[in-house]
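Notes follow the structure.
Derivation of every value follows stated rules applied to the coordinates shown; laboratory data play no part. Only a predicted model underlies this, so the values are computations on that prediction, with no experimental measurement involved. So basically every Cβ, Gly included, is an ideal-geometry build from the backbone, and we count neighbours across all protein chains shown.
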Amino acid sequence: MGNNLIPLRIAGVGYSVPDAVITNDDLTKLYDTSDEWIYTRTGIKERRVVSGEENAVDLGFVAAKNALEKAKMLPEDIDLIIAASSAPPDLYPAIACHIQARLGISTQVPAFDITAACTGLIYALSIAKAYIASGMYKNILLVATDNNSRLVNWEDRSTSILFGDGAGAMVVTASEDGVDDVIAIDIKSDGSIGDLIELSFDGKNCPLVEQYEPKPQGIRMNGKGVYAFVAKILPHYVENLITNAGMKAEDIDYLIPHQANIRIIQAVQERLGYSDDKVVTNIKYYGNTSAASIPLALAESVEKGNVKLGTTAVLCGFGAGMTWGGAIVRLREGIC
Ligand code: UT7
């Protein structure tokens, strides 16, 4: 971006997960599976799920409050809200509008959702970067949240083992010291392979016209197809992102990837030549939380001290669409 564009500062990050824990052993009550099968193929031991009326809006609200607190900002400081979700609890109102109301943010502030599945946070950050760069908005709240446990088919053992619920949030603002915390960002999509992961919400025709057979409910995924596609493109893609930014893998302190499958994470890790302490993984405890996955991994690892601040990280993700993307970011002191 040119010199007259306003740089972005990541001011705060936050996360939230529901209390209910479902272990791999618990899943053996639903279908024929085992902890050993799930753990060796995915790296997942347990996941969190919403219960009762709790949903992605509730999780997103808590993550947003945490991120605002870390950013030392009040809800009234925010001038744009963007929420990213693979599947919001309501198609409308948007999650962002729900969160605006819960935080008591002025009606003068626009709020909207984007759909880029598990790449949602990177897409949202890219949008926020352009808005801040242009001077159109200054303090932007990004919320990435999903309640996959409501959307999986709990009879499908190859898909329902993978997913969990959670939320992550990020407050970004116009940087006042000239330093841009988004060193590089890139987003991609390929709609021609959209049938690799699908979740239909197609309703019914008007009763006065010809009817049709609705698509099956619940998340449908070609696991092998997704795995093959991502394992082929992602390591190379992340390496290129770094090279195109004029950097080397060793210039970056951490890899914070989408938590979909430990073997995919390891493929990226291997390509970058990173030791385990440079790679953030929490898939063991949360499974795949879709849009929430990257900001949840970021905020939790900083909070736990596994990621030190005053460092840089490469974020990368992929998901339904298919979408994928990556960002190289600065993690300043005080963001969490
Ligand atoms: O953000 C969303 C992105 N999605 C992903 O990243 C998914 C990527 N894909 C994967 O992670 C893997 O493809 C899975 C973990 C989903 C599946 O692993 P796989 O090695 O591709 O297994 P598979 O689907 O080929 O199934 C192998 C066998 C089958 O049995 P047969 O036909 O060989 O007898 C399945 O029926 O494993 C069986 N199977 C299971 N066995 C025990 C499938 N699910 C289970 C299960 N427990 N939960």
Quick calc of log₁₀ I(q)/I(0), the stretch 182-331, Debye, one scatterer on every Cα, no solvent, q values 0.21 1/Å, result -1.37
Candidates Met322, Met221, Met170; GNM for the chain (alpha-carbon contacts under 10 Å) flags as most fluctuating Met221
Spelling it out for Asp146: with amide H atoms placed in the peptide plane at 1.01 Å from N, the residues 5 or more places away or on another chain with amide H under 5 Å from its amide H are Gly166, Ala292
CD proxy, 222 nm, the chain: helix-only mean residue ellipticity via -39,500 (n - 2.57) per DSSP H run with n ≥ 4, per residue, nearest 500, stands at -9000 deg cm²/dmol
When the chain is treated as a Gaussian network with springs between alpha carbons less than 10 Å apart, the largest mean-square fluctuation among Gln211, Gln259, Gln108 is found at Gln211
Output for the stretch 6-80: trypsin sites (Lys or Arg not before Pro) sitting in coil per DSSP, at most 14 other Cβ within 10 Å, listed by number, reads Lys29, Lys72
For the stretch 177-191, in residue order, the Karplus 3J(HN,Hα) values (coefficients 6.51, -1.76, 1.60; θ = phi - 60°; whole Hz; Gly and Pro = x) are 10, x, 8, 9, 7, 9, 6, 7, 8, 8, 10, 9, 7, 9, x
Any GluC sites (Glu not before Pro) in the stretch 53-150 that lie in a DSSP loop and have at most 11 other Cβ atoms within 10 Å would be Glu53
Taking the dipole of the stretch 135-218 about the Cα centre (Lys, Arg +1; Asp, Glu -1; charges at Cβ), the one of Ile185, Ala169, Pro216 that reaches farthest to the positive side is Pro216
Hull surface over four for the Cα convex hull of the chain, reported in nm², is 18.1 nm²
Answer in debye to the nearest 20: the dipole magnitude of the chain about its Cα centre, from +1 Lys/Arg and -1 Asp/Glu charges placed on Cβ, is 400 debye
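Among Leu331, Leu208, Leu141, what is the fewest-to-most ranking by other Cβ atoms within 10 Å?
Lowest count first: Leu208, Leu331, Leu141.
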Scattering profile of the stretch 2-174 from the Debye formula, Cα beads only, expressed as log10 I(q)/I(0) at q = 0.16 Å⁻¹, is -0.89
Given the candidates Pro7, Ala87, Pro18, the one whose Cα lies deepest towards the positive end of the charge dipole of the stretch 2-174, counting +1 at each Lys or Arg C-beta and -1 at each Asp or Glu C-beta, is Pro7
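Would you please calculate the Kirkwood hydrodynamic radius of the stretch 117-198 over all C-alpha pairs and express it in Å, rounded to one decimal?
This gives a value of 15.3 Å.
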For the stretch 153-211, listing GluC sites (Glu not before Pro) in a DSSP loop whose Cβ sees at most 11 other Cβ atoms within 10 Å gives Glu155, Glu176, Glu210
